[in-house]
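Participant: Quick one: the structure is below, and I'll ask about it shortly.
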Amino acid sequence: MTAGRRARALVALVQVLGLAVWFSASAVLPELRAEWNLSATAGVWLTTSVQLGFAAGAVVSAVLTLADRVPPQRLLAAGAAAAAACTLLLAAVVDGPVAALVLRTLTGVCLALVYPVGMKIMTSWSDRSRRARDLGVLVGALTVGSALPHLIGGLPGLPWRGVLAGAALCGLAAAALAHWCLRPGPALAPAPPPDTGYALRLLRELGPRLVVLGYLGHMWELYALWTWLGAALAGGDPGPSEHLLVFVAAGLGGAAGCVLGGRAADRYGRVPVIATALLVSGVCCLVSPLVIGAAPLLVSAFCVLWGTAAVADSAVLTTATIEIADPRYTGTALTVQTALGFLLTVAGIATVPVVAAAVGWQAALVVLAVGPALGLPAVLGLRRHLPAAPAPSVTPSAGPAAGLPMGLPTVELPRIATDDHPTAPLPRVVAGPPTVELYRLRRAAGVEPDPSGVAGRVARVLSDRSRGAAPPAAVQPVAPQPNAAQPNAAQPVAPRLDGVPPDTAPSAARRSGWGTSAAPRRRDRPGE
């Protein structure tokens, strides 16, 4: 297993363990109602207090740009440890709803340092060609971690304090792994200067605003579904069988949906996958009254489908935010998006029991279709801002580039400054033919070439070479051509890359804004 795969797997494991405390109180809500004589409204507040705390913590983090200025592994470890400590206190010493509400709110504040920061670390280990897939794994870890208390609560004979203590121990394990084992990847941008106004500027731009609107529609449905699916299946307080079905549907089905959605987005594009997931989950919301109460096998299959579709677009929406936002403030952009999304989940979670009191639990989840119905038009508007499908990436190596002769000089370029990526880091590159060098510089910075220019032709040549469609291209001399003014004089040998005419690359690169080459320009001789 490569270092990148190990790091991505570790980030996912930390997320599973760290987010186990999120729905720990929701999993034991029936026991808390019985022991503390809680009303239905108090039970809803015990669930939504975590969402409110998360939104508040995310807003503070976004204003202070903490996710972009503090080492992410330390920030994640601190958030996971503090959230676990709050949950452990709730399990050990709390005997009433007031202290429980305070601790659950603080738990949400601490989790705002876990989930968005984990996405930033995962992105630092990914390139664009597999970014949605890797974030799908991370969001899948979120779904498993969020559903983990339902699995613990499904164990027979375990009291509610034991469920909370088990979730807290998972959070402490996540903090230890993050502090001692987790490190950000090579694509992590350096810490930018503080910019408290970026969060507002982000929402003034049309592209990020459309992504956020699609994310809000997604979040209206998702967390209310996770919170109340068991109650809808049971017609009230869920039992062990409903807990296990929610874990399978939301945890395992959701994790599979995240991975499949990420893979599909890397292959077919971001917008088609998001739109399809919203459409399928919206239809599930509408037909849920017809399925709930049917044969157990049909209900189980329907819940797995719904849980898969409801979360399949989550990682893709996150990927879209990363690709549209300023790369220096990726962590802040993700924090703003999640803050708004989780703030809306409070309304979604609070609305479902009100609808259930009016029409019954079997039809209560129909109200969740409002989210996909409002998010789908915004997502379709993203077609002008996101590419249909990402181009395959070229990963620069520490030595001479593939297909170029050995012995070419290398140059250490710590970073490149462009309009789109002012501080994108670069590895060691080959100072070979100008077009190839500039192509690799721009690809390493994440800037796509113009497919109609010479850079796009170079990209196609390198892509064909990586797929084995053509033998490796090499720098070959061009046959000398006699000079019309000096018949006996041989022209100097001009290097060329297969499929790219000589002397075209530097001039085309200058015309297309790809920078300038360090190679000296050939002076025109008399008679040329």
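The values are calculated or read from the model by the stated rules, or taken from the named source; none is laboratory data. Being a predicted model, the structure only gives us computed values, none of them experimental. A quick note on method: Cβ atoms are made from the backbone with ideal geometry, for glycine too, and the neighbour counts reach across all protein chains shown.
Participant: Only residues that are among the charged types (D, E, K, R), farther than 17 Å from A77 by Cβ and in contact with a Pro (Cβ under 9 Å, 6 or more places away or on another chain): list them for region 90-129, please.
Facilitator: If the condition is that a residue be among the charged types (D, E, K, R), farther than 17 Å from A77 by Cβ and in contact with a Pro (Cβ under 9 Å, 6 or more places away or on another chain), then R128 is the only one that fits.
Participant: Moving on to the next point. Name the residues in region 284-304 that are surrounded by fewer than 18 Cβ atoms within 10 Å (Cβ to Cβ) and either in contact (Cβ under 8 Å) with a residue 24 or more places away in the chain or not assigned by TED's automatic domain parsing to the domain that holds A231 (or both), would you?
Facilitator: Answer for region 284-304, where residues must be surrounded by fewer than 18 Cβ atoms within 10 Å (Cβ to Cβ) and either in contact (Cβ under 8 Å) with a residue 24 or more places away in the chain or not assigned by TED's automatic domain parsing to the domain that holds A231 (or both): L286, P289, G293, V299, S300.
Participant: Next question. Scanning region 200-211 for residues that are surrounded by fewer than 23 Cβ atoms within 10 Å (Cβ to Cβ) and of a type outside the set (K, R), which turns out nearest to the chain's Cα centre (by Cα)?
Facilitator: Among them, the one singled out is P208.
Participant: Same structure, new question: Kindly provide the set of residues from region 351-372 that are hydrophobic (A, V, I, L, M, F, W, C) and buried (at least 17 other Cβ atoms within 10 Å of the Cβ), ordered by number.
Facilitator: Scanning region 351-372 gives V352, V355, A356, W361, A364, L365, V367, L368, A369.
Participant: Keeping to region 213-226, report how many residues are at pLDDT below 90 and surrounded by fewer than 24 Cβ atoms within 10 Å (Cβ to Cβ).
Facilitator: 0
Participant: Quick one: which of L252, L172, L177 is under 19 Å from V16 (Cα atoms), modelled with pLDDT under 85 and part of a helix (DSSP H, G or I)?
Facilitator: L252
Participant: Which condition does A58 not pass, out of (1) of a type outside the set (D, E, K, R); (2) out of contact with any Leu (no Cβ under 8 Å at 6 or more places or on another chain); (3) under 18 Å from A347 (Cα atoms); (4) surrounded by fewer than 22 Cβ atoms within 10 Å (Cβ to Cβ), if it passes all the others?
Facilitator: Unmet for A58, out of (1) of a type outside the set (D, E, K, R); (2) out of contact with any Leu (no Cβ under 8 Å at 6 or more places or on another chain); (3) under 18 Å from A347 (Cα atoms); (4) surrounded by fewer than 22 Cβ atoms within 10 Å (Cβ to Cβ): (4).
Participant: Looking at region 1-47, what helices (runs of 4 or more DSSP H) fall wholly within it and have at least 3 residues that are more than 27 Å from P116 (Cα to Cα)?
Facilitator: 29-36
Participant: Out of the residues in region 288-309 that are of a type outside the set (A, V, I, L, M, F, W, C) and in a helix (DSSP H, G or I), state the one that is farthest from L233 (Cα to Cα).
Facilitator: If we take residues in region 288-309 being of a type outside the set (A, V, I, L, M, F, W, C) and in a helix (DSSP H, G or I), then T308 is farthest from L233 (Cα to Cα).
Participant: Test of understanding: among A167, A141, A100, A80, which residue is in contact (Cβ under 8 Å) with a residue 12 or more places away in the chain, surrounded by 23 or more Cβ atoms within 10 Å (Cβ to Cβ) and in contact with a Phe, Trp or Tyr (Cβ under 9 Å, 6 or more places away or on another chain)?
Facilitator: Of A167, A141, A100, A80, the one residue that is in contact (Cβ under 8 Å) with a residue 12 or more places away in the chain, surrounded by 23 or more Cβ atoms within 10 Å (Cβ to Cβ) and in contact with a Phe, Trp or Tyr (Cβ under 9 Å, 6 or more places away or on another chain) is A167.
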